[in-house]
Every structure is written in C-alpha cells, then in structure tokens.
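Below is one structure, written out as structure tokens, with a few remarks after it.
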Amino acid sequence: MKLCTSLLSTALSSLLALGTLQAKELSPTVPPPALPSAALPPIERLANDAQQALFNAADRSTAPSSATPSLKTTGRKQTFSAPKLEDPAVWAKDSQHKLAVMQISFGGAAEEVMFELYPQDAPQTVSNFLDNVETGAYNNLAFHRAIEGFIVQTGDPITSDEGARENWGTGGEGKNVPAEIKRTHRKGAVAMGRKSDSSNPSKRSNGYQFYFALGNYGSLDGKYTVFAQVVSGIEVLERISKMPVDSNDCPIARIEVKTIKIVDYKGPMYVSPKSSKGDGRKFTKPAAAKGLFERLLGRLW
C-alpha cells in the first residue's frame, strides 16, 4: 500500500510539473486530447484514476450552479456543462453596455464582430484596450494565429509588416497590464495574451495582443485575463479559424482588422433583418458605430 501511495504521489507530481512546462508561448497552448485510461502506462493510469476519483467526489459534494460551469460524470465519459450565454436581445431597457465593433477584411469582403467590454471585472485591461483603440493601434493589423475550434488571435503590432511574418506573435511586449483574472473562458470570451509563467509568474498581460475563445475552455481559466465577450459575429471568427495556416498556425492569406470602434449602448440589441438562420444570427450595429453612408441608408429605408 505504501508503495502504491508513493508511486501515485510521484505520478501526480510529474503531471503537475508537466503542466508548468506548457504554455511557453505568448498564446494559450492547445489542450491535449484525453487518452482512455486503459491506454495509459501503469503509473500514469494510477494518476488518471486518482484524478477521476477526485472529480467524482467533487461532483457528488457540490451542487451544480446556474452561474458556474460544472463537470458531470457518467459511467463512460465526462461532459462539461457551461452556463448559457447571455442573449443581447433580452438585455434590460435601462441596461448600459460598452461595445467594441470590429471591422475585419476577410476574403475580399468586410465582416463585423461585436464584443461587450467588462470594465467592472478588468478595469485596467479595458482601459488599456480603449487607449489602443483610441490611438488606432489595432488598425490594419492581421490575425496571426488561428486554430479551428480553439482560438483566433490578433493585436500584435508587428503584423502591420507583411515582411516580418517570422516574428508575428512576438510583439507588443513594450507594455503590459497587471493580471485581472475573474471571468471564465466560455465560447466567445475575449482575453489578453501573455508570456508563460516561467518568465511572467505574475501573469501580466501583453499590452496589445488579444484572442477569442471558440469553445468553453476551463483549462485556460485562472491563467489569462478575460475582459470581454462576443455578442455578434462568432461565426466570422469560426470561419477564420478554419482558414489554411502555416506551421506557426498563422493564416496564409492575410486577414486584417480594419478598424475597431467603441460605443456606449443602452437597452436590448435587435436581430438584423439580414441575419441568416440558426447560429448565424447577427445583431444590428449601434448607430454610433455606423458611418455616414450607413446612417443615410437607415433613414431612407
């Protein structure tokens, strides 16, 4: 029994050490696929079984909450239950929201993504983001990382130079922002990139780079500062994630952020009459984010 306990302790320590060696890049690392317990070596199978027992115990002792994700365990598999996303169409009439409206040049057309900022949860991060937008720091930068079903990332100042592709993803370290880790990585979460714990134990964010989560990734929680949530255009980001990429997960064809505008919005958002059916629902752009021509068309029609 003592031998098994010792082996289990050693295995768990090794697994923890392995976890600290990951995420050496500025961006989150792709979560490794789970292996079935029977396919693992004996020592690792002991550690896996012990972890499974911990999950089972926690699942029995903690009642699921509608506000937090929960892990549900069945006899054959585990499923991750994430909280339902807030629907902008049912925002209260007197509610106030600060929105970022991002125009993207993609496939020869202009696409749009809107995300709500959370200054109450990440005040310094949002303030830094607003400063970047005001100075036009994000204009004409490229998406430099795209992994299907995981994340797409942009904001690196170096991506303004097409000839410096080999260095894309390394820029923006001239300034950083203290960690403000409160919100979780559910689908559509917007978070700041950062250096790994080995050189950045305080988890300070890169001053420019940010990414969009394309799924519910609890493995990233507590590691990166989430400061916003996509409210419209998630399908655009998912299409970007499926584009051909090079060995560094950088889209081969240039996908560019043309502009980002910040607007203060009150009340519920309304579905655009041009929305597609199903998951492709889009919301009308706030009037403050429309150009002169768009406002004119709105009056005429």
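Only the coordinates and a few stated rules stand behind these numbers; no lab work does. Note that the structure is predicted; figures quoted are calculated from it, not measured. Cβ placement follows ideal geometry from the backbone for every residue including glycine, while neighbour counts extend to all protein chains displayed.
So here's what we get for this one:
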item: Highest to lowest packing among 179-189, 204-214, scored as the average C-beta count within 10 Å; result: 204-214, 179-189
item: Above-threshold pairs, the threshold being 19 Å between Cα atoms, out of LYS93/LYS182; LYS175/LYS195; LYS98/LYS242; LYS175/LYS261; LYS187/LYS223; result: LYS93/LYS182; LYS98/LYS242; LYS175/LYS261
item: Amide H within-cut-off set for GLY188, under 5 Å, with H built and near neighbours excluded; result: ALA213, LEU214, GLY215
item: Ranking of MET243, MET102 by count of other Cβ atoms within 10 Å, fewest first; result: MET243, MET102
item: For segment 92-269: rounded, prolate or oblate by the Cα gyration tensor [a/c cutoff 1.5]; result: rounded
item: Neighbour net charge for PHE227 - beta-carbon separation under 12 angstrom, K R +1, D E -1; result: 0
